[in-house]
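Since every read-out is calculated from the coordinates, none of them should be taken as a lab result. Everything quoted here is computed from the prediction, not taken from an experiment. All Cβ positions, glycine included, derive from the backbone under ideal geometry; neighbour counts span all protein chains shown.
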Amino acid sequence: MKTKLSSEYKNSIAQNLREVRERMAEANGMGQDVTLLLATKTVPAEAINYATQELGVTHIGENRVQELLSKYDELEKENVNIHFIGSLQTNKVKYIIDKVCMIHSVDSVKLAAEIDRQAKKHGKIMDILVEINIGEEENKGGIAPSELEAFLEELTRFDNIRVRGLMTIAPFWCEKADYQKYFTKTYQFFIDILPKKIHNIYKPVLSMGMSDSFDTAIECGSTLVRLGTVVFGHRQYK
């Protein structure tokens, strides 16, 4: 069922985006190119299409395979890059491999191998980001920092995936000083370890920073921020 967007909600999205873009510019003291990706979990297709077709957003990201599939036919796709930014099970890769331009959450050789296998079936090379568990939290996805170099080395044997960079999610309890610590540490891996193991990367991507931390992430070198709540407002998560 299609959702009719109220003029108030449209105005809110537009105003929020203006403010976000201003904050991104202010935070970007390093002068890097920073991509704005809208995280669209639970956001109706009509709101996503409004952002992409009328407000200039060119990158969106879904967290759940089933939700992406349920929205996919309703999304306006011209000049829109769809990313998968959530945890991904190997048995779900086949459903999204032909629908997304990048997978942000690769954290095991098993998952990388399946992405490679499915990408080969479709005659494509899939861009991926390696997720690093920078806070070394238990029960959270991502490669431990101490294992990153060896993991990147293992990925070089796959022909149908292309490592474009790193992704991290800082611990949810962070204050600004904590964000700076974790983001700066991730940036160091990005500039020290990644180029050493993955050569000739075209526009390497460092995906870090969400609605509550994107200013700090950009200050620390992020090249892609994943924003949902700060643009679309608080949502009911199922």
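Quick notes on this structure:
- Computed [θ] at 222 nm, deg cm²/dmol, the chain (DSSP H ≥ 4; -39,500 (n - 2.57); rounded to nearest 500): -11500 deg cm²/dmol
- In sequence order, calculated HN-Hα J values of segment 133-146 (Karplus, 6.51, -1.76, 1.60; Hz; x Gly/Pro): 7, 5, x, 6, 8, 5, 6, 10, x, x, 7, 5, x, 5
- Annotation: amide H-H contacts under 5 Å for ILE143 (H modelled 1.01 Å from N, sequence separation of 5 or more, or interchain): GLU131, ILE132, ASN133.
- Highest mean first, the peptides 190-200, 113-123 sorted by other C-beta atoms within 10 Å per residue fall in the order 113-123, 190-200.
- Note on segment 118-238: Cα Rg divided by 2.2 N^0.38 Å, N the number of residues, gives 1.12.
- Remark on ALA170: its backbone amide H falls under 5 Å from those of GLY209, a criterion applied only to residues 5 or more positions apart or on other chains, H modelled at 1.01 Å from N.
- Checked against a 26 Å cut-off, the cross-linked pairs LYS4/LYS77; LYS71/LYS94; LYS71/LYS181; LYS41/LYS121; LYS92/LYS124; LYS120/LYS185 give Cα-Cα distances beyond that limit for LYS71/LYS181; LYS41/LYS121; LYS120/LYS185.
- Computed magnitude of the charge dipole of the chain (debye, nearest 20; Cβ of K, R +1, Cβ of D, E -1): 680 debye
- Think of the chain as having a plus end and a minus end, set by charges on the Cβ of Lys, Arg, Asp and Glu; of GLY29, ASN81, THR223, ASN81 sits farthest toward the positive end of this dipole.
- Three-way shape label, segment 29-229, alpha-carbon gyration tensor, a/c 1.5: oblate
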